[in-house]
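Below is one structure, written out as structure tokens; comments come after it.
Just so it is clear, none of the values below were taken in a lab; they were calculated from the coordinates. Keep in mind that what you see is a predicted model, and the values were worked out from it rather than measured. Cβ sites come from the backbone with ideal geometry, for glycine too, and all protein chains shown count toward neighbours.
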Amino acid sequence: MLNKLNLLFFTVFIPSFYMTGQILTNSPLSYQNLGQKSIESDAIYQSLGYATNALADSSVINYNNPATYSFFGNGYTLLSTGIHGRISQFDENGLSNYGAFSNLNHLILGMRITKFISTSFGLKPYSFRGYNFQTKMYTGTDSLLYTYKGTGTTQVAFGGLSLRLLNLKSTKLSIGANAGLLFGSLSNDRISRLISSNSSAGGIEKNITQLSSFYYQGGVHFQQKIGLNSIIDLGVSMEPEQQLSAKYTDALYYSNNVFNEKNYDTISFQSLKGSIRMPSTINIGTSYTLRFKNIVKNNRRLNSEMKLFFNYSKADYTIYSANFDSLSVPNIFAKNNRYGFGFQFIPEKNYFENNTLTKFYQRVYYRAGIFSENTSYINSSSQLNHFGITFGIGIPIFAQQSLSSVNLGFNLGKIQKNIENTLSEKYLSINLGVNLSPSIFDKWFRKRKLD
């Protein structure tokens, strides 16, 4: 048992040091606020149009709504992780630029403790910052080249608990909460140097925001079975308005080589403590499940299942503020609203029992979705819109009735506003997720007895 706990520690927490330094987005919009809030953190969520607040399944860790932990299977332990990548095309004033990135985005463990209590803990992303572009200012012989670069991530190391309040045959009600440490560092850098001399000497302005603050989130989930073949789920989760403890560093440097920080000479430096006010975020989701039993196809009886999802979320970023001693950051944000729709279908839900009687494509989860969002970002006095079409598949791993699966999600999206020649982004997002679980004969946390 001790060896397994050590393995879990290195598996779940050590990657946080690796993830902190990654460039996890490539959007100039991440310059603002705390960067881009994370929604692309799991292949299943992405495939379903991010409409998964009511998703409750024994083979999925839905950490967006901690109340759903109560649906973990008895005796099973789940480990969820994933890799996310994105290829973007940015357009502005007739000019185009391309960017790409990839990252490890979450690592979470979940399990049932008792019949009514379940838990989950690990590391999940919160926000990303990442961009790199250049502009030139022509003033004659002393023309300047400006390089703007942003890096960093914030993430949450959390523990969650779910309590089943009502556990009837047709009706289930659960509540849950996540709490932990929100931490990370976000940097905005501006480097200036002369163009004509082709020199590496120049000036550097570096602004860094460091977060280390308590974080919490709550959720409720309700499930009602209707008849023999229909189920309705309702999920509500909320991140209350929070004052995040932070430190802001503003520095100016000069260097003979702007690409080597070891050679920087400090011109000015200030470090200020303060807080960042984040608005409350409310997510409301519902799903409808319809099961088709004993469908005859090619002389075989299938037990198919279809799920429909809907999700709405909102956050009022007009109340966002950042205050560090005497320094205040002006608010230039708008209200954020997002709608999402999702669809999931599996031809044979009982694939363990009918494994030898079904073909591979009949045991695959097929997913699709769509979402539309008014983002919190404002560019040239207009709010940016975000629209995307999503799709993906889930492939169960057959290993002695394990709940393991491999999931693949895609998102074709566009961020723009209804004004020509302003900044817009078209992108393809790909997410590969893995849910690992021991087989029913090989539990990770089985209690051993001595003879």
- line: Once phi for every residue in region 119-131 is put through the Karplus expression 6.51 cos²θ - 1.76 cosθ + 1.60 (θ = phi - 60°), the whole-Hz ³J(HN,Hα) values, with Gly and Pro written as x, are 9, 8, 7, x, 10, 10, x, 10, 8, 10, 9, x, 7
- prompt: Which order results if 271, 424 are arranged by neighbouring Cβ count within 10 Å, fewest first?
  reply: 271, 424
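Evaluate 2.2 N^0.38 Å with N set to the residue count of region 39-97, then give the Cα radius of gyration divided by it. Numbers along the way, then the final one.
Values: Rg = 16.6 Å, N = 59, 2.2 N^0.38 = 10.4 Å.
Against the compact-globule rule of thumb, the ratio is 1.61.
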Residue 304 long-range amide H proximity, modeled H, under 5 Å: 292, 294, 295, 349
Table column - 3J(HN,Hα) (Hz), region 226-241, Karplus curve with 6.51, -1.76, 1.60, x for Gly and Pro: 10, x, 8, 10, 10, 9, 10, 10, 10, x, 10, 10, 8, 9, x, 4
- request: Quick one: compute the contact order of region 2-436, relative version, from alpha carbon pairs under 8 angstrom and 6+ residues apart, as a percent.
  value: 17
query: At q = 0.13 Å⁻¹, what log₁₀ I(q)/I(0) does a Debye calculation on the Cα points of region 2-436 give, no solvent, two decimals?
result: -1.19
- prompt: Amide H neighbours of residue 113 under 5 Å, counting only residues 5+ apart in sequence or on other chains, H built in-plane at 1.01 Å?
  reply: 118, 119
message: Restricting to DSSP loop positions (anything but H, G, I, E, B) with no more than 15 other Cβ atoms inside 10 Å of their own Cβ, which trypsin sites (Lys or Arg not before Pro) remain in region 166-195?
response: 169
